[in-house]
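The values are calculated or read from the model by the stated rules, or taken from the named source; none is laboratory data. What you see is a predicted model; the values in this text were computed from it and never measured. Don't worry about glycine lacking a Cβ; one is built from the backbone with ideal geometry, like all the others, and counts go over all protein chains shown. Please note that ligands, DNA and RNA were not included when accessible areas were found on the heavy atoms of the full protein model with its side chains. Shrake-Rupley method; radii C 1.70, N 1.55, O 1.52, S 1.80 Å.
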Amino acid sequence: MKLAKVIAAATAATMLLAAPVMAEGTLKFATNPEFPPFEFITAEGVIDTYDGIDMAIAKMIAEDNDMEVSMESLEFDSLLVALQNGQVDAIIAGMTITDERKEAVDFCIPYYTATQVMIVKEDSDITCAADMADKKICVIQGYTGEICVNEMGYPYEAFKKGTEAVMELVNGKCDVVVIDSATAAKYVSDNEGLKIVEDAEAFEAEEYGIAIAKGHEDLVEKINASIEKFLEDGTIAALAVEYTEAEADADAE
Ligand code: ARG
């Protein structure tokens, strides 16, 4: 009995030591892991099976604030609702900061600049956004690409996932997919016979930001301080290179 008590006490002491010294809890993130190179599922990711630029950033932000990190997978459309419900603390999902979204949630400072581009077949005659007028256009539901095409007034079909829209294109069922630049580059390198067409005049630059429920200024400040640091010391730029090069290497094999 006495020995058991000693063991129990020793075990408890070990557990205390093993716990992060300054841990203030867990920073609960949600994402939609269908957006490489920012978030995708893999056998061994940086957070459980979640991997990508955003996942590495989320982990670094938590570590920088002496917190644990957790990641949850949701439909892109459900992310902001989960934030408003208090189901999670933060969204990191290659999410573009828009005025409309800012009405629902707060955004931390931008950490990445992107733009919408058009993915087309290599022999396509589309050279600018206006050329989409009489073409069959695919977008992803709820993405800023859908908002852009909608504002241009062109009819389109919306898919749940980028891969589904790209399959439509590969199978010749549509002429163009409008999606974010880095994700487009990944799809083009993964599929034969596709290319990217840019139109900087039609598609404005977009900035990605981490979203937080309104009324949590302290959390926004903490995350901003970390992001500022990682932007200044080049960590985020290095991650972007790492995740796009890893891709190129894998394709070269
Ligand atoms: N940047 C685009 C947007 O904010 C697409 C983001 C998609 N992200 C994702 N994790 N599925 O609408």
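Tabulated data for the structure shown
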quantity: Residue list for segment 95-118, restricted to those being near the ligand (Cβ under 10 Å from one of its atoms) and in a loop (DSSP other than H, G, I, E, B); calculated: MET95, ILE97, THR98
quantity: Residue match in segment 34-55 (condition: out of contact with any strand residue (DSSP E or B) (no Cβ under 7 Å at 6 or more places or on another chain) and part of a strand (DSSP E or B)); calculated: yes
quantity: Residue that is nearest to GLY142 (Cα to Cα), among those in segment 56-94 that are of a type in the set (Gly, Ala, Ser) and either assigned to a strand (DSSP E or B) or open to solvent by 50 Å² or more (accessible area, probe 1.4 Å) (or both); calculated: SER73
quantity: From ILE212, ILE196, residue being closer than 30 Å to GLY25 by Cβ and not polar (S, T, N, Q); calculated: ILE212
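The rows are residues; the columns are (1) open to solvent by 40 Å² or more (accessible area, probe 1.4 Å); (2) within 21 Å of the chain's Cα centre (by Cα); (3) under 14 Å from TYR111 (Cβ atoms); (4) free of Cβ contacts under 8 Å to residues at least 40 places away in the same chain.
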{"position": "TYR154", "(1), (2), (3), (4)": "yes, no, no, yes"}
{"position": "VAL170", "(1), (2), (3), (4)": "yes, no, no, yes"}
{"position": "ALA211", "(1), (2), (3), (4)": "no, yes, yes, no"}
{"position": "LEU219", "(1), (2), (3), (4)": "no, yes, no, no"}
{"position": "ALA237", "(1), (2), (3), (4)": "yes, yes, yes, yes"}
